[in-house]
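Take a look at the structure set out below.
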Amino acid sequence: MCKSRLISIFISFLIVSFLSIALVSDISAKTTRVTFGNGMEVIFKENHSSPMITSIVFVRAGAKYENDFNNGITHFLEHLLFDGTKNRSRQEITAGIKNHGGYINAFTRKDLTGYLVLMPKEFIDFGIDVQADQLFNSIFPDEELEKERKVVIEEIQMDNDREANLAEYFFSAKSMAGTAYERPVLGYKNIIASIPKHQIVDYWKRYYAPNNMIALVIGDFETDEMIEKYRSVFGIVPPVSMPSAPDVSYFPPQERTVFKKAGQTKTTYIQIGIDAPHYTDPDYFAFDLLADYLNSDENSPLKKILVGDSGVSLCRSFSAYMETAEEFSRLIIEVQTDDEKKVDPIIAGVEEALENFADYQPDVEILQGIKVSKKADEIFLQEKLHYYGFMVAPKLVATGWEFMESYLGAIDQVNSSMLVRATDRWFAELNYTATVFYPRKETETAETPQTHTVYKKEILANGLTVVVKSNLDSRVFALNVIGKNRSASEPIGKTGITDFVNRTIKKGTTTYPAEELSRKLAAIGAKVTVGDLPWISHDDFYTTRRYAFMKFETIDEFTREGLDLFADMIKNPAFAPGDVESVRGMLMGVLGRQSGSTLDVCRNQFYATLFEGQPYEKSINGSPRGLGMITRDDLVTYHKKFYSPGNMIITIGTNYDAEMMMAMAKDAFGSIPAVEITALPVKLGPHPVGVKTVHQDMDKEQVYIFLGNRLPGIADPDAPAISLAAQVLSGRLKQVLREEQGLAYSVGSGATFDRNFGWFTCTMGTGAANYVQARDGILAEIEKLKTDGPTTEELETAKNSQWGRTLTRRLSRINQAYYMGVNEYLGVGYDYEKRYLPKMRALTVDQVKNAAAKYFDTQNYILSTAGKM
């Protein structure tokens, strides 16, 4: 079901990288626009790199279309459209998609709502039929409506526990005061609790019409055939008479205004909104590049002013992006700092960068690098079919298809003098609305076989493992590095040093100082990822105590340059003192935010208890005291050991010949000297006897729960059945505790495997008053699974869900490289999924039941909780 706010947070942070990437260019893809007779506009974009198709329908309905008395109704309605139609029950909607190996989701923004299905191409007919059924035939059962009220209220409470969200709400309320855009997407608990059914149904009938929708269909199809499929499902729905568009009276700031508010946060958030050219204004494209330039790491004027060359930084992080709406555009600049006293100098620094932009204008190389990055990111996104739709949505709905088609060409025409001219015009009288949110003081199935795919694996003379996957289905060059035994390799007292090293690697090499490295990466459109985004809640999917990773992507025409550049980053990081301190400050901020997160606190407690006395008991990010004691020399020494050849696995996805790419990899990495590194052995402690509880009291609206115990390793014959049992249980927990009882927004279970052991977890965030019911509900569902086993239908759903999830997570070439590396680390071989999925498919009801009965112990387990009790 929906993850709307998570998606909103994710998009808010990444908007600089992706919003302007929603560029509909003809890069190895056929794109066709059709308007059906009922007024529904549909864009069809062929992409044959994977056997999947996504259909995303955007409805012009969001907080912008609401009022003060029904605020939140759009997002509430988004939930309700998953609860049953004239033709399908709620279970038949979600289980039907999963049974066909698909994925279904939705999200709500201030100006639109998006509904997505991602399907294997063989089942796209079923996917779009379910999608249309949701949109036009929902029935809103009374019992489901009351349950969804509880779920949405839990989601609001979860959002209110995140400090970055509170800062964003404050900024919206002040900078967009008096407009439809000041209202929060989720609304307010009192409105959700009381809004009557007939108002929801009236709103649905008013806005959910084909002539109020735009659809984007991307994937492995032939356009003419797909147009007729879509027409037969969506083109037959009659249009309706639409209400007049909402009156959005946007008034640009007329002076420099700063609003301040103390709140429950450990970080000071500064957000500045500045009027910018409307998308119909020729200066818009210069401003879009300006936002990217301001957001760039080493070359940004904000970096020069707010950080400087000395490394004595005013801020922990900064970002800039263009907000493009139908009625207006704004340049948004966001800064985070650890000290409220730095606010005034930071705002003055932003003013300096904008008012004197001519002194900081980018040179031709930097500007060209930004343009190349847009082209490269477009190619990266085309591999991630559903993400592409998420990122296209805001601009597509706001500006229309004609604008999207001409966007790249207009961007390519912008030069530095046009940037200066545009800023001279728009910043001649610089006005803005800024908000400061600061801490309150104490006193206040396997993939489709591809016969043209070639794998090659070698262990080089220096001990480095290299695996190459070569085919012609993508233009992306992707390289992933796995550093083995992350937590087990970190010296005593230096927990978190791996993440410290990774994030400093991006800051320059002995060959290329930070600014020059940034230029070179931009010039080839490269994307370097050295960890998850720690400031985005739940964005820690890849982060683990088992290993570290680094990802590198560029496009095929820059393969050789990219390989050499990334090899230089791995082999020769500079660890410049100023950069070391800058990264230390950022990591301190992460620790501060995590200390206020019930999820992070609860998870770390669980691991500390499960792995008591073992390396995995340590948190991944360390502690403020430990990070404060790590020196530059420590980083240099640890880097040489941790990223020595014998401790690395490099996996590559390319359209180069496999033999040629292996030779290139040997040339780039074969000279790294071997260095001995000793990782501490990791094992599980004894199985808990009774219930081992650990709790951290926190002043939050929710309590988070981690419940679980030990499992065997990934190579154990029972591992596939355990994984499937956890999948079935997760579905039941969501069904009973979320869908039926409305106790949680986030709930589930999973099995994680290491080489010689694993662990099982059930996780849930719920209101304090619901804790006992939630805990007992988890245990009850485990017992039912152990006693009765899964139904045949549940088992088939779980199998198809794992199959579809495997395809989805490997859509992009960089993720294919990542999972190849992980499998090599785990000792099961880079092509593990090809052997695992058939075994999983063959499992029986009794095998899954027996695995649950054997390993899911409800009498002896660890129970970690954080929050109110």
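The values are calculated or read from the model by the stated rules, or taken from the named source; none is laboratory data. Note that this is a predicted model, so its numbers are computed, not measured. A quick note on method: Cβ atoms are made from the backbone with ideal geometry, for glycine too, and the neighbour counts reach across all protein chains shown. Please note that ligands, DNA and RNA were not included when accessible areas were found on the heavy atoms of the full protein model with its side chains. Shrake-Rupley method; radii C 1.70, N 1.55, O 1.52, S 1.80 Å.
With the condition kept exactly as written, say whether any residue in the stretch 157-166 is among the small types (G, A, S), farther than 26 Å from F136 by Cα, in contact with a helix residue (DSSP H, G or I) (Cβ under 6 Å, 6 or more places away or on another chain) and surrounded by fewer than 22 Cβ atoms within 10 Å (Cβ to Cβ). It would help to see each step written out before you state the result.
Quick first cut of the stretch 157-166, residues among the small types (G, A, S) only: 164.
Of the ones still in play, those that are also farther than 26 Å from F136 by Cα are 164.
Adding the requirement that they be in contact with a helix residue (DSSP H, G or I) (Cβ under 6 Å, 6 or more places away or on another chain) leaves none.
No, there is no match, as no residue in the stretch 157-166 is among the small types (G, A, S), farther than 26 Å from F136 by Cα, in contact with a helix residue (DSSP H, G or I) (Cβ under 6 Å, 6 or more places away or on another chain) and surrounded by fewer than 22 Cβ atoms within 10 Å (Cβ to Cβ).
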inquiry  = Whether any residue in the stretch 137-160 is of a type in the set (A, V, I, L, M, F, W, C), over 29 Å from the mean Cα position of the chain (by Cα) and closer than 26 Å to A398 by Cβ is what I want to check.
reply    = no
By my count, helices (runs of 4 or more DSSP H) wholly in the stretch 707-813 with at least 1 residues that are open to solvent by 40 Å² or more (accessible area, probe 1.4 Å) are 771-788, 792-809
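In this structure, is S28 of a type in the set (S, T, Y), at positive phi and either at pLDDT 95 or above or open to solvent by 20 Å² or more (accessible area, probe 1.4 Å) (or both)?
Values: of a type in the set (S, T, Y): yes; at positive phi: yes; either at pLDDT 95 or above or open to solvent by 20 Å² or more (accessible area, probe 1.4 Å) (or both): yes.
Yes: the conditions hold for S28.
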Margin query: Just to be sure before I move on: is G369 crowded, with 23+ Cβ neighbours inside 10 Å, of a type in the set (G, A, S) and touching a strand residue (DSSP E or B) at 6+ places or on another chain (Cβ under 7 Å) in the structure I sent?
Written below: no
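Quick one: would you say P681 is within 27 Å of E612 (Cα to Cα) and at pLDDT below 95? Walk me through how you get there before you give the answer.
Values: within 27 Å of E612 (Cα to Cα): yes; at pLDDT below 95: yes.
Taking the combined requirement at face value, the residue satisfies it.
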Return a yes/no flag: does the stretch 193-201 have any residue that is surrounded by fewer than 18 Cβ atoms within 10 Å (Cβ to Cβ), under 32 Å from the mean Cα position of the chain (by Cα) and not β-branched (V, I, T).
yes
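If a residue counts only when it is farther than 30 Å from K121 by Cβ, which helices (runs of 4 or more DSSP H) contained entirely in the stretch 165-265 have at least 3 such residues? Please lay out each step first, then the result.
On the way: elements: 189-194, 197-207, 223-234.
In the stretch 165-265, the matching helices (runs of 4 or more DSSP H) lie at 189-194, 197-207.
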Inside the stretch 544-586, the number of residues satisfying the requirement of being within 25 Å of the chain's Cα centre (by Cα) and not in a helix (DSSP H, G or I) is 12
Across the stretch 608-618, the tally of residues that are open to solvent by 30 Å² or more (accessible area, probe 1.4 Å) and out of contact with any Lys or Arg (no Cβ under 7 Å at 6 or more places or on another chain) stands at 5
Flagged in the stretch 268-297 as crowded, with 22+ Cβ neighbours inside 10 Å and in a loop (DSSP other than H, G, I, E, B), in numbering order, are S296
Within the stretch 485-513, residues being in a helix (DSSP H, G or I), of a type outside the set (S, T, N, Q) and under 27 Å from R813 (Cα atoms) number 6
So, first residue of a type in the set (D, E) in the stretch 555-584, second residue open to solvent by less than 10 Å² (accessible area, probe 1.4 Å), Cβ within less than 7 Å, six or more apart or across chains; the pairs are D556/F477; D564/A668; D568/T509; D579/T504; D579/G508
Restricted to the stretch 603-643 and to residues being aliphatic (A, V, I, L, M) and outside any helix (DSSP H, G or I), the residue modelled with the lowest pLDDT is I620
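Counting only residues that are outside any helix (DSSP H, G or I) and crowded, with 16+ Cβ neighbours inside 10 Å, how many does the stretch 327-353 have?
Qualifying residue count for the region: 12.
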Fill in: Meets criteria (in contact with a Lys or Arg (Cβ under 7 Å, 6 or more places away or on another chain) and buried (at least 19 other Cβ atoms within 10 Å of the Cβ)) for N502
no
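For (1) at pLDDT 95 or above; (2) surrounded by fewer than 21 Cβ atoms within 10 Å (Cβ to Cβ); (3) more than 18 Å from N647 (Cα to Cα), each residue gets a yes or a no:
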| position | (1), (2), (3) |
| --- | --- |
| V476 | no, no, yes |
| L479 | yes, no, no |
| E515 | no, yes, yes |
| D540 | no, yes, yes |
| R545 | no, no, no |
| F566 | yes, no, no |
| K571 | yes, yes, no |
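Can you confirm whether A461 is at pLDDT 90 or above, crowded, with 21+ Cβ neighbours inside 10 Å and more than 30 Å from D339 (Cβ to Cβ)? I'd like the intermediate steps shown before the answer.
Details: at pLDDT 90 or above: yes; crowded, with 21+ Cβ neighbours inside 10 Å: no; more than 30 Å from D339 (Cβ to Cβ): yes.
So A461 does not fit the description; no.
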Subset of the stretch 488-499, residues surrounded by fewer than 21 Cβ atoms within 10 Å (Cβ to Cβ) and in contact with a helix residue (DSSP H, G or I) (Cβ under 8 Å, 6 or more places away or on another chain), comes to A488, P491, G493, K494
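Taking into account only those residues within the stretch 69-90 that are of a type in the set (G, A, S) and open to solvent by less than 10 Å² (accessible area, probe 1.4 Å), which is nearest to I128 (Cα to Cα)?
The first filter runs over the stretch 69-90 and keeps only residues of a type in the set (G, A, S), leaving 72, 84, 89.
So of that shortlist, the ones also open to solvent by less than 10 Å² (accessible area, probe 1.4 Å) come out as 72, 84.
Working: G72: 27, G84: 16 Å.
Only one residue fits best here, namely G84.
Tell me, which residue of the stretch 48-68 that is of a type in the set (S, T, N, Q) and surrounded by fewer than 24 Cβ atoms within 10 Å (Cβ to Cβ) is nearest to L81 (Cα to Cα)?
Here is the first cut: in the stretch 48-68, the ones of a type in the set (S, T, N, Q) are 49-50, 54-55, 67.
From what's left, surrounded by fewer than 24 Cβ atoms within 10 Å (Cβ to Cβ): 49, 67.
Details: S49: 31, N67: 21 Å.
Of everything passing the filter in the stretch 48-68, N67 is nearest to L81 (Cα to Cα).
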